[in-house]
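**Student:** The structure under discussion is supplied below as structure tokens; questions concerning it will follow.
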Amino acid sequence: NFSDKFSFYRHHVNLKSWWVGDIPVSGALLTDWSQDTMNELHLAIPAEITEEKLDQVANAVYQRLDQLYQGKMYFPGYFPNELRAIFREQVHLIQNAIIESRIDCQRHCGIFQYETISCNNCTDSHVVCFGYNCESSAQWERAVQGLLGYISRWHNLVSPSFTCLEPPHLANLTLENASECLTQH
């Protein structure tokens with residue numbers, strides 16, 4: 001698990017460099033790893049990742065860190081520079097995994113939900129999206145009806161004050177109008 005792994009890495013950092021200045025720099029990089037990751041994601045969508053993709057990223061990062069820790073001692077500056085490179089790779093892998101999951105979700109027809117882990121607070125979550133990959137007009141019609149039903153159910157749960165989503169307005173509802181309505185509230 002993450003805490004155990006990074007606790008090990010932090011406690012063994014002093015054995016990895018010939019230069020005493022590398023120890024506090026490397027220790028700070030490892031201590032702030034999680035928070036720095038969140039600060040570097042810079043996504044316009046929520047940082048939600050599937051458990052499968054999170055495991056893939058974690059395994060890749062742990063493999064690189066374990067490999068780095070297998071070396072005996074490193075010349076000054078090498079160890080923190082390698083940690084920074086692994087960190088940058090991890091951020092890139094997480095960004096790609098989150099975006100790929102969203103793209104995969106939108107390849108469905110209609111409302112689709114998948115289980116995720118929130119990167120903000122490490123809790124179980126889920127993402128709901130609307131996929132446009134419908135093979136027929138009948139399938140598209142069912143997808144739109146499903147979307148309207150989903151919005152209506154969500155509307156009733158969240159706030160009964162969405163007049164723009166009430167039945168008289170649903171007949172001519174477009175995705176753009178629905179998005180605008182939800183943004184206003």
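The values are calculated or read from the model by the stated rules, or taken from the named source; none is laboratory data. If you're wondering where the values come from, they're calculated on a predicted model, not measured in any experiment. Neighbour counts are summed over all protein chains in view; Cβ atoms, including those assigned to glycine, are modelled from backbone coordinates with ideal geometry.
**Student:** Exactly one of (1) buried (at least 18 other Cβ atoms within 10 Å of the Cβ); (2) under 30 Å from TYR132 (Cβ atoms); (3) in contact (Cβ under 8 Å) with a residue 60 or more places away in the chain is unmet by ILE98. Its number?
**Tutor:** Of everything listed in (1) buried (at least 18 other Cβ atoms within 10 Å of the Cβ); (2) under 30 Å from TYR132 (Cβ atoms); (3) in contact (Cβ under 8 Å) with a residue 60 or more places away in the chain, ILE98 misses just condition (3).
**Student:** So which of TYR74, TYR9 is out of contact with any Ser or Thr (no Cβ under 7 Å at 6 or more places or on another chain), surrounded by 13 or more Cβ atoms within 10 Å (Cβ to Cβ) and either within 24 Å of ALA97 (Cβ to Cβ) or of a type in the set (Phe, Trp, Tyr) (or both)?
**Tutor:** Exactly one of TYR74, TYR9 is out of contact with any Ser or Thr (no Cβ under 7 Å at 6 or more places or on another chain), surrounded by 13 or more Cβ atoms within 10 Å (Cβ to Cβ) and either within 24 Å of ALA97 (Cβ to Cβ) or of a type in the set (Phe, Trp, Tyr) (or both), namely TYR9.
**Student:** Then there's this: Going by what's in this entry, would VAL127 be described as of a type in the set (Val, Ile, Thr), within 13 Å of the chain's Cα centre (by Cα), under 23 Å from GLU52 (Cβ atoms) and at pLDDT below 90?
**Tutor:** Yes, satisfied.
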